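Student: Can you keep this structure in mind? I'll have questions shortly.
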Amino acid sequence: MSSKKVWSVEGYEDNGVETHRKASKTESFTNEADARKAAKKMADTFDHLDVYVIYTNTVNGKTEERFFNSNGSYSDEGFEW
């Protein structure tokens, strides 16, 4: 069974994640801890961006995508960092 987990830290201007616009800044990580640090840093550094973390888990070609929130939870609806 092959599995690939990716946490994408994405910064959007003006509620871009809700309107499905392209992220202004994106970083990808293969572990939760690095993604958490990067999201906090991005949110602290770029006040004008709405920062979200999107978790993608692909197992045998089937992809699950959810938001990873600053409180450590995973959900279908993301919360800004």
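The values are calculated or read from the model by the stated rules, or taken from the named source; none is laboratory data. As the structure is a computational prediction, the values presented were derived from the model and not from experiment. Note: ideal-geometry Cβ built from the backbone for every residue, glycine included; neighbour counts use all protein chains shown. Note: areas computed on protein heavy atoms with side chains; ligands, DNA, RNA excluded. Shrake-Rupley method; radii C 1.70, N 1.55, O 1.52, S 1.80 Å.
Student: Being open to solvent by 80 Å² or more (accessible area, probe 1.4 Å) and in contact (Cβ under 8 Å) with a residue 24 or more places away in the chain is the filter here, so list the residues in region 51-78 that pass it.
Tutor: Matches in region 51-78: N60 only.
Student: Considering only region 12-33, how many residues are at pLDDT 85 or above, open to solvent by less than 80 Å² (accessible area, probe 1.4 Å) and not in a strand (DSSP E or B)?
Tutor: 5
Student: While we're on this one: Please verify whether region 34-50 includes one or more residues that are in a strand (DSSP E or B) and either of a type in the set (F, W, Y) or open to solvent by less than 100 Å² (accessible area, probe 1.4 Å) (or both). It would help to see each step written out before you state the result.
Tutor: So in region 34-50, the residues in a strand (DSSP E or B) come out as 49-50.
Now drop any that are not either of a type in the set (F, W, Y) or open to solvent by less than 100 Å² (accessible area, probe 1.4 Å) (or both), which leaves 49-50.
For region 34-50, residues in a strand (DSSP E or B) and either of a type in the set (F, W, Y) or open to solvent by less than 100 Å² (accessible area, probe 1.4 Å) (or both): present.
Student: Follow-up question, since we're still on this one. If I ask for residues that are out of contact with any strand residue (DSSP E or B) (no Cβ under 7 Å at 6 or more places or on another chain) and either modelled with pLDDT of 95 or more or at negative phi (or both), which ones from region 37-71 would you list? Before the answer, list the steps.
Tutor: So the first thing to find is which residues in region 37-71 are out of contact with any strand residue (DSSP E or B) (no Cβ under 7 Å at 6 or more places or on another chain), and the list is 37, 40-41, 44-45, 47, 60-62, 70-71.
Those that are out of contact with any strand residue (DSSP E or B) (no Cβ under 7 Å at 6 or more places or on another chain) and either modelled with pLDDT of 95 or more or at negative phi (or both): K37, K40, K41, D44, T45, D47, K62, S70, N71.
Student: Find all pairs meeting these conditions: Cβ atoms under 8 angstrom apart; at least six residues apart or on different chains; first residue within region 24-41 and closer than 16 Å to Y12 by Cβ; second residue in a loop (DSSP other than H, G, I, E, B) and not small (G, A, S).
Tutor: Pairs that qualify, where the first residue is closer than 16 Å to Y12 by Cβ and the partner is in a loop (DSSP other than H, G, I, E, B) and not small (G, A, S), are K25/F46; A39/W81.
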